[in-house]
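First the structure, in the form of structure tokens, and then the observations on it.
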Amino acid sequence: MTQKEALEILKMGHNVFITGAAGSGKTYLLNEYVKYLRSNGVGLGITASTGIAATHMGGVTIHSWTGMGIKDKISGHDLMELAEKSYLRKRFDEAKVLVIDEVSMLHHYRLDLVDQIAKAMKRNQKPFGGMQVVLCGDFFQLPPVSRFGEDAALFAYHSEIWKSMDLKICYLEEQHRQNDSEFSNVLNAIRDNKVGDKVLKTLKSRFNSKPTKIEPTKLYSHNNDVDFENEKELLKLKGELFVYDMTGAGKRGLVETLEKSCLAPKILRIKKGARVMFVKNNFEEGYVNGTLGVVEHCDERNIKVKIASGRIIEVKPAVWVIEENDSIKAQITQYPLRLAWAITVHKSQGMSLDAAEIDLSRSFERGMGYVALSRVRSLSGLSLLGFNEMALRVSDEVRDFDQLFREESHHHCANLRKQNHKEVEQLKNDFLISVGAGKKEPKKKKGDTYLETKKLLDEGFSIFDIVETRDLTMGTIISHLEKLRERKQEVDWSFIFRIVASDRLEKIKKALLSGGKEEGKYRLVPAMSILGSEFSFEEVRLVRLLLD
């Protein structure tokens, strides 16, 4: 199935499982669908089984989003406690679509817990309380891990709810990472548990070979090997050490979640000549998550990195956010880099590497070798130090289920192709109507509260006085101002010039204009990436009121 066909199935409102080989574009497809839903004003929950995967989409873990935390069972009392939390009630009330990425790493019983909580919170006994559910993942990758005392971890397709969801399987068959047919054959052989002499010969040909274009990143199975390697190589470099601290804003718990989940380190320590890896996608600047390079220059305020093509990128701080219903709940800012002499196989998931040196001699989990090898774009970028028997094995059960997924996907694809264009468009339109697309009218209480802010502003209160008088956060008051702007209420916006210094105001305006618009509004996140940590989201949101 192509990405385009899968997107059509998603837009018709079906519950969907997106799967396919590493590099087939699963996350890209998810992001395209999320963009489509947002452009139509559809409330959604963006989640993943792991923090790292969640940060790639501006979401949170499914454990946090549902309020279940690390529980492996939910009692009636637990459900009542969750229902008492107003922020959770609001979250479930507004969400019409729930996205769960990296579902392969979610325990089967936790998917059932998500269903149980959703039914209770939405007071609806349909699967997941009637929300459209979009699952995404590849069960050939690393499986869920059980903590001590937890029930045995099984894959999500063993959950009770999996059988009741009427899932449409979208098995993506295009390849957007590997452009080397010989290497693709190797990876497919591992997926099919058909590693024979030819595949072994190909892999052994890469023993201790050195990629020609760029020094490879080393992939290890254990954290201590990674930490030792990076620190050892950094200490070898002469020159001054520069340290860059991550900054955060928003609710403390959410900021801490972002810090733990983000691949960029809380404290980045580099020197000129350090091997680094970009850990965020920025196509306009010319790098993606996994692009390798060498620090060409660094000082207190500037970092320049030379990548494999020879191009030198002036690296700007990047912003990671947790976003919900068009509102930024938390953010962190850091240079999108980490030391890249070595990285763990686990943290490499989702990356596309130009060159990697991989040691699989200590592999301890089926699928680990496949995950590591499939990070690399081509055989010429692979240097293999060794592998054990476990490294080239995948689960027989997963292979069997994968074959079923392929067959179901072909069936769903054939059915889609039989439908005429008019019928498909009608189904898409019916789904948008059913989820209230474009009908997000504020409740009366909401209207009252932002009009109360306007009343105080008209009476001459400063924005700081309003924050104190109303006992609300600055972010909430700015949200009121944004609603006043949207509803074309008469407001004297000149107070912003008294709050934001003129030189800063002009810089913010320029950054907002450079970041462009989405859904008719200047985009905050690109502007923050340009401005860096010296500017707050509150400042940028205020100045945006002068432009929108």
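Give the value in nm², to one decimal: projected area of the alpha carbon convex hull of the stretch 363-427, averaged over all directions.
7.2 nm²
Rounded, prolate or oblate: which one fits the stretch 195-272, using the alpha carbon gyration tensor with axes a ≥ b ≥ c (rounded when a/c is under 1.5, else prolate when a/b beats b/c, else oblate)?
oblate
Amide H neighbours of residue 359 under 5 Å, at least 5 residues apart or on other chains, H built in the peptide plane: list them.
For residue 359, whose amide H was placed from the backbone, the distant partners under 5 Å are 219, 385.
Once neighbouring chains are kept in place and the probe is 1.4 Å, which whole percent of the accessible area of the stretch 415-548 is contributed by carbon and sulfur?
Carbon-and-sulfur percentage of accessible area, whole number: 50.
Dimensions of the stretch 343-491 along principal axes (Cα, Å, largest first)?
The Cα atoms of the stretch 343-491 stretch 75, 47, 28 Å along the principal axes, largest first.
Whole-Hz ³J(HN,Hα) for each residue in the stretch 247-260, computed from phi via Karplus 6.51 cos²θ - 1.76 cosθ + 1.60 with θ = phi - 60°, x for glycine and proline: what do you get?
10, x, 8, x, 4, 4, x, 5, 4, 5, 4, 4, 4, 6
Take the stretch 454-494, compute every pairwise Cα distance, and split them into 5 Å bins from 0; I just need the percent in each bin.
Here the calculated profile for the stretch 454-494 is 6, 24, 36, 25, 9, 0.
Determine the per residue accessible area of the chain with all protein chains present and a 1.4 angstrom probe, expressed in square angstrom.
I get 47 Å² per residue for the chain.
Multiply the residue separation of residue 173 and residue 240 by 0.36 nm, subtract the distance between their alpha-carbon atoms, and state the gained length in nm to one decimal.
Value of the extension gain: 19.3 nm.
List the equivalent ellipsoid semi-axes of the stretch 259-363 in whole Å, largest first, each obtained as the square root of 5λ for an eigenvalue λ of the Cα gyration tensor. Before the final figure, lay out each step's value.
Working: eigenvalues 100, 75, 35 Å².
Those come to 22, 19, 13 Å.
Kindly state, to the nearest 0.05, the FRET efficiency for residue 514 paired with residue 231, given R0 = 51 Å and r defined as their beta-carbon distance.
Taking R0 as 51 Å, the efficiency between residue 514 and residue 231 is 0.85.
Packing-wise, with mean Cβ within 10 Å as the measure, how do 397-405, 166-174, 109-117, 95-103 rank, highest first? Walk me through the numbers before you get to the answer.
Details: 397-405: 15.7, 166-174: 19.4, 109-117: 22.4, 95-103: 25.6.
Highest to lowest by the protection proxy: 95-103, 109-117, 166-174, 397-405.
What's the percent breakdown of Cα-Cα distances in the stretch 63-119 across 5 Å bins, shortest bin first?
Here the calculated profile for the stretch 63-119 is 4, 16, 34, 26, 15, 5, 0.
Say the dipole of the chain comes from +1 at the beta carbon of Lys and Arg and -1 at that of Asp and Glu; which of 313, 412, 346 then lies farthest toward its positive end?
313
So what's the chain giving for Rg/Rh, alpha carbon basis, Kirkwood Rh from the mean inverse pair distance?
Working: Rg = 24.7 Å, Rh = 25.3 Å.
When Rh is taken as the Kirkwood radius, the ratio is 0.98.
Using only the alpha carbon atoms of the stretch 21-113, find the Kirkwood hydrodynamic radius as the inverse mean reciprocal pair distance, in angstroms to one decimal.
14.3 Å
Run through the DSSP bridge list for the chain and note the antiparallel percent, rounded to the nearest 5.
Counting DSSP beta bridges with both partners in the chain, the antiparallel share is about 50 percent.
Stokes-Einstein D for the stretch 359-401 at 10 °C, 1.306 mPa s, Kirkwood Rh over Cα pairs, in µm²/s?
Answer, rounded: 145 µm²/s.
Taking only the alpha carbons of the stretch 307-414, what extent do you get along each of the three principal axes, in Å, biggest first?
Rounded to whole Å, the extents work out to 45, 42, 27 Å.
First check a/c for the stretch 289-342, with a ≥ b ≥ c the square roots of the eigenvalues of its C-alpha gyration tensor; if it is under 1.5, answer rounded, and if not, answer prolate when a/b is larger than b/c or oblate otherwise. List each step's numbers first, then the result.
On the way: a/c = 2.69, a/b = 2.09, b/c = 1.29.
It comes out prolate by the Cα gyration axes.
Once the Cβ-Cβ distance between residue 4 and residue 256 is put in as r, and R0 is 45 Å, what FRET efficiency do you end up with, to the nearest 0.05? Display every interim value, and only then the final one.
Working: r = 39 Å, r/R0 = 0.87.
Calculated transfer efficiency: 0.70.
Please express the shape of the stretch 488-548 as an equivalent ellipsoid: the semi-axes are the square roots of 5 times the eigenvalues of the C-alpha gyration tensor, given largest first in whole angstrom.
18, 15, 8
Which FRET efficiency value, to the nearest 0.05, do you get for residue 462 and residue 267 by plugging their Cβ-Cβ distance into 1/(1 + (r/R0)^6) with R0 = 45 Å?
0.75
The values are calculated or read from the model by the stated rules, or taken from the named source; none is laboratory data. Note that this is a predicted model, so its numbers are computed, not measured. So basically every Cβ, Gly included, is an ideal-geometry build from the backbone, and we count neighbours across all protein chains shown. Please note that ligands, DNA and RNA were not included when accessible areas were found on the heavy atoms of the full protein model with its side chains. Shrake-Rupley method; radii C 1.70, N 1.55, O 1.52, S 1.80 Å.
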